[in-house]
Every structure is written in C-alpha cells, then in structure tokens.
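Readers should treat all values here as calculations from the given coordinates under stated rules, not as data from a laboratory. Because the structure is predicted, anything quoted here is derived from the model rather than measured. For neighbour counting, all protein chains shown are included, and Cβ atoms are generated from backbone atoms with ideal geometry for every residue, glycine included.
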Amino acid sequence: MTHPESPESTPIIVVGAGVIGLTVAFELARRRIPVLVLERDHVGAGAAGVAAGMLAVVGEAEHETAELADLLVTSQRAYPAFVRELQHASGRDVGFVTEGTLIVGLGRDGEQELRHSQRAQDRLGLRSSWLTGDEARALEPHLGPRISAALLAREDHQVDPRALLPALAAATEALGGRVLTGTRVTGFDTTAGRLTAVVGVHQGDDRPFAIRCEAAVLAAGAWCAVGLAWPAAPVLVRPVKGQVVRLRGPAILRRVVRDTQVYLVPRRNGELVVGATMEDVGFDAAPTAGAVTDLLWQARLLAPAVYDLEIVEVGVGFRPAARDHLPTIGPTDVPGLYVATGHFRHGILLAPTTAVLLADLLVDDRMSPLLDRFRPGRFEAASRTAPSVDSR
Ligand code: GLY
C-alpha cells in the first residue's frame, strides 16, 4: 500500500536527509534526474544539525590517509562553486564565511605541535602562514595571552549547517526533486538479486509504503546499520558522539579558532559554536556536565572572553564512523543499491565531492579512482584475503 503522499515509483531514492543524502539529491536534481529523499525525522535531524560546519582541510588532513586527504582537498576546492550554485538554486544564504582559520598553539609544547603540523601540511601541499602569538592577537584581539604561535589557514572556511541543510532541501525541490520527511525506511525489496523497491512506514500512523525505483542510496549516517532489513553485505558504521556548546553574546572572534583540543566557530548570527567531544558510547544522547566543563575550560584558554557569554544550547550529534574511520561510498553487492556514509568528522566538507562522484556512478556508471579506497565491500574483501592464523 502506498501513502497518498508517496509516489508509486521514482527513478532514484535517497534514504536520509542529512548533509550527504541531501547533497546527493541536489546533485541529481541539478542533472535533471528525478529523485526522492526519504527521511524518518526532519531535515537535518542527524549529525549535520549539530555540526560546527568547519571546512578544515589544513586543520584536519594531516591526521588522515593520503586517499582521504585527496578527497578532502578535492571537496574543499569544490566548495565555493557548490555554495554559489546552491544559493542560486535555493535563493538562500548558507553562511559561507571565508575568513580562514587560526590554528593556535599554547606555550612551548603547543608551538612544537604547530611546527610538526606545518611540516605535515607541507607534505600534503597545503598552505598556512606562521604567526607569532602577538601577530595572531593582532588578527583576533580576544585570543588569550598563553597563545604563543598560530598557523593561519586562509583556505579553511566555514559554512552554517543549519542554513545549509534547509537550502539543500529547498534547492532539490526547486529543481524538481522531492523530500518526504516522517517516512521511515525499514528495508529494500529485490527481485533476482536486484533492487526493485524501498519499503517502510510513515511515522505517526505507521502506514506502510513501497516505492519502486531503479536505484537507491543509503545515506542515513550513523543510523545506516540500525533497524533496516538490508539485503547487501553489512554497512559497518558506528556512532561517535560529539557534544557541542552554543554560546551567544558580543562577537569575540571573526574567524574559526582551534587547537588540538577544541574549536570555536563564530557564526554571523552572533553564536559561537564550541566543539566537540569524541565519545564511543553508542547512541547515548545525554549532554554531560563533564563534556561542557572540558569544552568551556579549553575554549576559555583560547579566548578568555568566552567566560561571559550565554549558553544557549548543548547539542549532541552522532558522527558515522567505519572501522577504519574512512567514508563508505559506492555500489553494494546488490545491483541498484548504493551507500554513502562513514564520513566521520568530515561530512559537511566531503558532501559536494561525495555527491558528484556518486552521481557520476548512478547516472553514467562512472566509478572515479578517488573512490577505490572507500568501497562498501572493503571489509569483506580484506577478511577474505587476510592470511589465516595457524593456531596449532
Ligand atoms: N568536524 C569536526 C567534528 O566532527 O567534531
């Protein structure tokens, strides 16, 4: 039975209206491919609704594998055009701020870490400028006295995910796609091993639906492995909890400021977003006193004026993380069924490139070599080729 609001069939279904699902839908809609997004909750109910929105290649790529660093750099370069097209298609502003990021070091140890980071960044071809503590304070007068050095990453920008997601939904619909919220996908029908339909229930009245499609993309973030009858090899993602404190008051920073412990992201609307913890505690959504204490203490070392700001929210998000902390993007072993998840700390930044590469695959059957390392089947392939342990 099909709900009056849901179609009987559509060429492509995307499951999940988070940043990845909606960006894939927007990209397909731009290519004039009819696309339907199914979301069990509301737009941005998952990790992206809590995310700070840093586009932090210089700040983050040094900790990543070469393949992921390549993907991060590619997506960062794609961002300005992506934002331009999205703002044009949606008629909305997405809070893209291009003031760059200051990565700061506290004391002699912090300075040493920055030198190490800059060498790692150089090896990746990423640029940043070395500043003394006083030079950094000349740019950001509210930085604390213990900051002894900083790297200015001019290309590490930010976007406001709470503006980005509604814009993606609006743009997708303006280009002929549809976004249906309150629709919980429970499984995928196959015939002769090939995907034929996406099935589920409407939240609230539990009415079932089955929508025939040629292809579907599972982009449900940390929920990809939860409550789904899944016909392909398992998608191995787990949630990594991140707590984020939102503050409000007089603007104390112009650009993103971060160190290895904490980041401070000033929004144009006057908010200061302070994040984030990394906790392997499953889907425990409780904000905790310890996390807030730690985040604000660390934030205060970077910018003492944080002390006087008002706390407006403590948000909890669940980053989707695979075992190897790399994204999972591409076709499954069921023809017609694709996955895009596991973006871990980089969902906002990687969304445009994920969407373009996946759309190339869905529309033109073109698999970019950039995706080789991120194939959904990589864990099964590794366990098949792993040498067996002789236990005699
Ligand atoms: N992208 C930053 C974080 O996940 O905390």
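Things worth noting here:
- Gain on full extension, evaluated as 0.36 nm per residue between A251 and A286 minus their Cα-Cα distance, stands at 9.7 nm.
- Phi to ³J(HN,Hα) by Karplus 6.51 cos²θ - 1.76 cosθ + 1.60 over the stretch 338-346, Hz, x for Gly, Pro: 10, 10, 9, 7, x, 6, 6, 8, 10
- In the elastic network of the chain, a GNM with C-alpha springs shorter than 10 Å, the most mobile of A150, A81, A220 is A81.
- For the stretch 319-373, trypsin sites (Lys or Arg not before Pro) are listed when DSSP marks them as loop and at most 16 other Cβ atoms sit within 10 Å of their Cβ; the list is R323, R366.
- Among T332, T353, T288, residue whose mean-square fluctuation peaks in a GNM of the chain (springs only between Cα atoms under 10 Å): T288
- Sequence-ordered 3J(HN,Hα) estimates for the stretch 204-219 from the Karplus curve with 6.51, -1.76 and 1.60 and θ = phi - 60° stand at x, 9, 6, 5, x, 9, 9, 10, 6, 7, 8, 8, 9, 10, 8, 9 Hz, glycine and proline given as x.
- Derived scalar couplings between HN and Hα for the stretch 75-81 equal 6, 4, 5, 7, 4, x, 5 Hz in order, rounded to whole Hz, by the Karplus curve 6.51 cos²θ - 1.76 cosθ + 1.60 (θ = phi - 60°), x for Gly and Pro.
- Relative to the longest principal axis of the Cα atoms of the chain, the long axis of helix 289-302 makes an angle of roughly 50 degrees.
- Between the helical axis of 19-30 and the longest alpha-carbon principal axis of the chain there is an angle of about 60 degrees.
- Extension reserve of the T186-D364 stretch, reckoned as 0.36 nm per residue once the Cα distance is removed: 61.3 nm
- As a calculated quantity, the FRET efficiency between E85 and R207 at R0 = 35 Å, using C-beta atoms, amounts to about 0.45.
- Helix 347-364 and the longest principal axis of the C-alpha atoms of the chain enclose an angle of approximately 30°.
- Computed FRET value (nearest 0.05) for R323 with R32, which takes r as the C-beta separation and R₀ as 45 Å: 0.75
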